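Visitor: This is the structure I want to talk about, given as structure tokens.
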Amino acid sequence: MLRALLYLPDAAGDRLAATPVAGRTLAVRAMVAALRAGASRIAVPSILRDPAVERALHRMPALADALEWLDPGIDAPVDGSAARWFLLPASALIHESVLEGLLAAPAGRPAVLAGSAGGTAPVALLPATPSATPWPNGLWPDGLWKDLAAGRPVGPELGRWLHEAEAVPRVVPGPYVDVRNPADLVRARAALEATLSIPADSGMDRLLHRRCSRWITRFLVRTDLTPNHVSLASLAIGLAAIWCFWPATPASAFAGVLLYALACIVDHADGDLARLTFQESRFGASLDWTIDTLIHAGLVLGIGLTAGGPAMLVVGLLGAAGVTLSALFARYLPHEIEIGSTVGAAALRLLAPGLVSAAAVVVAVGSQAYWVGCLARIRRLGRERSV
């Protein structure tokens, strides 16, 4: 059994816990980190109950089911020693990957995040058995649980307690920022943004799209817009780019390339918004995939129309079909490979009219080869798993 408890490290803890970072308060981020790390129950002092927390609970039923509000005077759970406990400062940025790393610590002794050890906001994992601990009252030393439940600052006392218990410092990679001032808030936001890249990002994504999408995302987290709203905005921009290519002149192709680049940037912002504000969903992922595929297929067909003639129209249709099949089969691979950069490079060639036909043929042949390769790899992985 795994549980979590949020505490206030100092007198400013309740105010800092209610401070938003990238669209969600630090307290909400700590709760969600504990939930995603596997905590079945999350105990939170009722002093931290505010509208931001209530909105998060409304949006995340799983979090609402796991949460337990602690009121002053409430007794410690009778089965507390049978569970492992995360102790999490409500005013610090803690990522789920940090907690997952703590869970890998050897059993039997308390573990503390090395970056927080020795400070007044330790991130700790208590073992399920209290036999190795020096305190006499089971899992919790005298008076500490009452202070935790009442929302009184316990950071220094908790730090001394972990030191006496010989908690094992554990170095774990991942975002952790003990927030004390505005400069720490900037560091916390930067630490979160550093987690947004995904394995499928291409070189163009890392150099351009991600860097630009962060500015859009920083605005979006301050609004009530959802990731699906942003996906639909990228669709509208992408359709405008497709229109510029049906058929294209050098001037309209240039405008189309710019619009396509903007659509890619906005497309990255919807995923960033979803991850930062805990709004990931299967529907959102499917909507995002459908929009990406529609835009890429439309651009490829536009290249064929621009090339002119029945033969090149057939080439454009084959290219659009290949792009669609490639996107479909790539979803079933362990690491999806984006085809957007290839389509974008072909679109750039429209600025040189003599290369339009060649670009259409390259995309048509390349996309067909790509989906065939994806299918072959899927079959090979299937055979390896069955062995």
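The values are calculated or read from the model by the stated rules, or taken from the named source; none is laboratory data. This one's a predicted model, so the numbers in the text were calculated from it and none came from an experiment. Don't worry about glycine lacking a Cβ; one is built from the backbone with ideal geometry, like all the others, and counts go over all protein chains shown. Quick note on the areas: whole protein, heavy atoms, side chains included, nothing else; ligands and nucleic acids left out. Shrake-Rupley method; radii C 1.70, N 1.55, O 1.52, S 1.80 Å.
Visitor: Could you count how many residues in the stretch 138-197 are within 13 Å of S116 (Cα to Cα) and among the small types (G, A, S)?
Guide: The qualifying residues number 4.
Visitor: For the stretch 170-184, enumerate the residues that are open to solvent by 50 Å² or more (accessible area, probe 1.4 Å) and either charged (D, E, K, R) or out of contact with any Ser or Thr (no Cβ under 9 Å at 6 or more places or on another chain) (or both).
Guide: R170, V171, R180, N181, P182, A183
Visitor: Limited to the stretch 174-191, what total is found for residues that are part of a loop (DSSP other than H, G, I, E, B) and more than 10 Å from H95 (Cα to Cα)?
Guide: Number satisfying all stated conditions: 3.
Visitor: From the set of residues in the stretch 81-122 that are among the β-branched types (V, I, T) and in contact with a Gly (Cβ under 6 Å, 6 or more places away or on another chain), which is most open to solvent (accessible area, probe 1.4 Å)? Reasoning before the result, please.
Guide: Initial filter on the stretch 81-122 (among the β-branched types (V, I, T)): 94, 98, 112, 120.
Still in the running and in contact with a Gly (Cβ under 6 Å, 6 or more places away or on another chain): 98, 120.
Numbers: V98: 0, T120: 51 Å².
The extreme case among them is T120.
Visitor: Within the stretch 185-230, can you find the residues that are open to solvent by 20 Å² or more (accessible area, probe 1.4 Å) and closer than 27 Å to D10 by Cβ?
Guide: Across the stretch 185-230, the qualifying residues are L185, V186, R187, R189, A190, A191, A194, T195, V221.
Visitor: Determine if the stretch 11-27 includes at least one residue that is open to solvent by 40 Å² or more (accessible area, probe 1.4 Å), of a type in the set (S, T, Y) and within 22 Å of the chain's Cα centre (by Cα).
Guide: Within the stretch 11-27 (the criterion being open to solvent by 40 Å² or more (accessible area, probe 1.4 Å), of a type in the set (S, T, Y) and within 22 Å of the chain's Cα centre (by Cα)), the answer is no, since none of the residues qualifies.
Visitor: I would also like to ask the following. Go through the stretch 7-35 and count every residue that is more than 20 Å from L126 (Cβ to Cβ) and hydroxyl-bearing (S, T, Y).
Guide: Total satisfying the criteria: 2.
Visitor: Which residue is most open to solvent (accessible area, probe 1.4 Å), if the candidates are limited to the stretch 28-58 and must be of a type outside the set (A, V, I, L, M) and out of contact with any strand residue (DSSP E or B) (no Cβ under 7 Å at 6 or more places or on another chain)?
Guide: H58
Visitor: A follow-up question, please. What is the number of the single condition among (1) farther than 19 Å from A285 by Cα; (2) part of a loop (DSSP other than H, G, I, E, B); (3) not aromatic (F, W, Y) that L196 does not meet?
Guide: With (1) farther than 19 Å from A285 by Cα; (2) part of a loop (DSSP other than H, G, I, E, B); (3) not aromatic (F, W, Y) applied to L196, the lone miss is (1).
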